[in-house]
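A.B. asks: Below is the structure I would like to discuss, written out as structure tokens.
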Amino acid sequence: MIHVITGGSGSGKSSYGEDWILEKAKGDLPLLYLATMIPQGEEGRQRVERHRRLREGKGFSTIECPRQLAKLSFPKNRGILLECVSNLAANTWYEEKTGYLSEEETIRRIREDLYCLREHTPLLVVITNETAQDLLPSCEEMQIYQRILGRVNQYLGGLAEKVTEVAAGIPIPVKM
């Protein structure tokens, strides 16, 4: 099963996703928390630390991998929580050593990563951000990023058995 959880920044989507997978994935095998954020500066490091503290003692084994998830070796598990596709998209699209990939190549790689995850778990929870496409981005790079994330989110919505939007901590079923 794939459950996609979306919402704006600070909406409570991560907390909801953790609680949901913990409720659904009962058993002896571990839950994997796949973290994709590359912390930038003190604020980024604090955000990562906050997320680590919030999931402490919940039974997650954390794998930190900002891109190329398909190259990971996955242990047997009862579920994977991917946090978060918006970071994965940014990290895949731009890498300091190689620069920007094309939109199509970025989307292809992310789809490959998602397919791989789907093949390695019976329960996949994917956290993603709203693309805010109603806002006019100030630069071409932001327009490209929004298109990438929007297309990846559409792909995820098609794969998922369940899609939930979280707003102000309130889960709103979109697809059941």
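The values are calculated or read from the model by the stated rules, or taken from the named source; none is laboratory data. Owing to the predicted nature of the structure, the values given are computational and were not obtained by experimental measurement. Cβ atoms come from the backbone with ideal geometry, glycine included; neighbour counts cover every protein chain shown. These accessible areas exclude ligands, DNA and RNA; they are computed on the full protein's heavy atoms, side chains included. Shrake-Rupley method; radii C 1.70, N 1.55, O 1.52, S 1.80 Å.
A.B. asks: Which of (1) in a helix (DSSP H, G or I); (2) open to solvent by 20 Å² or more (accessible area, probe 1.4 Å); (3) more than 29 Å from A25 (Cα to Cα) is the odd one out, the single condition E112 does not satisfy?
C.D. replies: All conditions pass for E112, except number (3).
A.B. asks: Return the residues of region 25-50 that are in contact (Cβ under 8 Å) with a residue 40 or more places away in the chain and open to solvent by less than 40 Å² (accessible area, probe 1.4 Å); say none if nothing qualifies.
C.D. replies: Hits for region 25-50 are A25, L31, L32, Y33, L34, A35, T36.
The rows are residues; the columns are (1) over 14 Å from the mean Cα position of the chain (by Cα); (2) more than 16 Å from T6 (Cα to Cα); (3) not aliphatic (A, V, I, L, M).
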{"site": "A90", "(1), (2), (3)": "no, yes, no"}
{"site": "H120", "(1), (2), (3)": "yes, yes, yes"}
{"site": "L124", "(1), (2), (3)": "no, no, no"}
{"site": "E161", "(1), (2), (3)": "yes, no, yes"}
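A.B. asks: If you check R53 against the conditions, is it free of Cβ contacts under 8 Å to residues at least 60 places away in the same chain, among the basic types (K, R) and in contact with a helix residue (DSSP H, G or I) (Cβ under 7 Å, 6 or more places away or on another chain)?
C.D. replies: When the stated conditions are applied, R53 does not pass them.
A.B. asks: Would you check which residues across region 1-24 are farther than 24 Å from Q68 by Cβ, in contact (Cβ under 8 Å) with a residue 60 or more places away in the chain and not in a helix (DSSP H, G or I) and list them?
C.D. replies: M1, G7, G8, S9, S11, G12
A.B. asks: Take the residues of region 78-89 that are out of contact with any Phe, Trp or Tyr (no Cβ under 7 Å at 6 or more places or on another chain) and open to solvent by 20 Å² or more (accessible area, probe 1.4 Å): which is nearest to R52 (Cα to Cα)?
C.D. replies: N87
A.B. asks: Identify the single condition in (1) assigned to a loop (DSSP other than H, G, I, E, B); (2) modelled with pLDDT of 85 or more that G27 does not satisfy, given that it satisfies every other one.
C.D. replies: (2)
A.B. asks: Still on this structure, please answer the following. Write out, first by first residue and then by second, each pair whose Cβ atoms fall under 6 Å of each other, whose residues are 6+ apart or on separate chains, and whose first residue, in region 143-154, is farther than 13 Å from L88 by Cα while the second is among the hydrophobic types (A, V, I, L, M, F, W, C) and assigned to a helix (DSSP H, G or I).
C.D. replies: Cβ pairs passing all conditions: R151/I107.
A.B. asks: Being in a loop (DSSP other than H, G, I, E, B) and either exposed (fewer than 15 other Cβ atoms within 10 Å of the Cβ) or among the polar types (S, T, N, Q) (or both) narrows it down to one of T62, T106, T131, T92, so name that one. Write out each step before concluding.
C.D. replies: Numbers: T62 fails: in a loop (DSSP other than H, G, I, E, B); T106 fails: in a loop (DSSP other than H, G, I, E, B); T92 fails: in a loop (DSSP other than H, G, I, E, B).
Selected residue: T131, the only one of T62, T106, T131, T92 that is in a loop (DSSP other than H, G, I, E, B) and either exposed (fewer than 15 other Cβ atoms within 10 Å of the Cβ) or among the polar types (S, T, N, Q) (or both).
A.B. asks: For the condition within 22 Å of R147 (Cα to Cα) and either touching a strand residue (DSSP E or B) at 6+ places or on another chain (Cβ under 7 Å) or not hydroxyl-bearing (S, T, Y) (or both), what is the one hit in Q40, Q68, Q46?
C.D. replies: Q68
A.B. asks: Sticking with this one: Mind listing whichever residues of region 142-158 are out of contact with any Pro (no Cβ under 7 Å at 6 or more places or on another chain) and open to solvent by less than 40 Å² (accessible area, probe 1.4 Å)?
C.D. replies: Within region 142-158, I144, I148, L149, G150, V152, N153, L156, G157 meet the criteria.
A.B. asks: Search region 155-174 for residues being in contact (Cβ under 8 Å) with a residue 60 or more places away in the chain, part of a strand (DSSP E or B) and not aliphatic (A, V, I, L, M), and hand back the single one that is farthest from R111 (Cα to Cα).
C.D. replies: Among residues in region 155-174 that are in contact (Cβ under 8 Å) with a residue 60 or more places away in the chain, part of a strand (DSSP E or B) and not aliphatic (A, V, I, L, M), the one farthest from R111 (Cα to Cα) is P171.
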